[in-house]
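Following: one structure in structure tokens, then a few remarks.
The values are calculated or read from the model by the stated rules, or taken from the named source; none is laboratory data. No experiment lies behind these values; they were computed from the predicted model shown. So basically every Cβ, Gly included, is an ideal-geometry build from the backbone, and we count neighbours across all protein chains shown. Just so you know, the surface numbers come from the protein's heavy atoms only, side chains and all, with ligands and any DNA or RNA stripped out. Shrake-Rupley method; radii C 1.70, N 1.55, O 1.52, S 1.80 Å.
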Amino acid sequence: MVASAGRIDVQGPLEVQGSLLEMLEHDDEPGIAQLAPERFRLARGAWIDVQRGWLSGSQSLFERLAEQVPWRAERRQMYDRTVNVPRLQCFYGEDAPLPDPVLALARDALSAHYAGELGEPFRTAGLCLYRDGRDSVAWHGDTIGRGSSEDTMVAIVSLGTARPLMLRPRASLPRAPGEPRAPGEASAPGGSLRYHLGHGDLLVMGGSCQRTWEHAIPKSAHCAGPRISVQFRPRGVR
């Protein structure tokens, strides 16, 4: 464990101190509701589904994952230097057991609900821990593998402190003549959309979203609490 700039970088389970979780109230044992998301159709063949509070008991699940997941602090090459990735991460492949049975329950429920559209189950889970408002993820699409050329889905479950997830159309893909704008796209800065996620909220990105849109979790000067993002993906999408 290495202290840096007032934060703790870890390789292994996160040692959760009381001060880290005092802002989180304990709630019921984690569980999932029936899936009934609201769909928002975006431009360019993309769409998102949103269901607020799909996972109940999210604070209890947050604590369990924060303590039990073997979080890793990673470094990444950026131009001519190596930089710290501004979040902690852990990836569970197809054959790896998930760190909590509620996550397996959520993955299986999503696979069943989207079977007709996706045509295959969700198989992997990527977990990210945003320790405070300084942690973030830059604009990107999940285009490593099949997401660069095929329609696919990425399902995100949010736990802990609410953070905005931003979406914007890729600038390299011009809008077709007469193509409608997505809801809110015209009035948002730079054509971006904002979805405030937290407290067990579910957001699913589908259709062409990974290759025609980008998403990000921006840094925030006003966010003090931690957040965990759980991303379920089908085979061959990263």
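Strands (runs of 3 or more DSSP E) fully within the range 85-165 that include at least 1 residues being modelled with pLDDT of 95 or more: 124-130, 154-160. Number of residues in the range 40-77 that are open to solvent by 50 Å² or more (accessible area, probe 1.4 Å), without any contact (Cβ under 8 Å) to a residue 60 or more places away in the chain and not polar (S, T, N, Q): the value is 6. Sub-9 Å Cβ pairs linking a first residue in the range 195-211 that is touching a residue at least 24 places away in the same chain (Cβ under 8 Å) to a second residue that is among the basic types (Lys, Arg) and crowded, with 20+ Cβ neighbours inside 10 Å, at least 6 apart or interchain, are 196/163; 197/163; 197/227; 198/163; 198/227, ordered by first then second residue.
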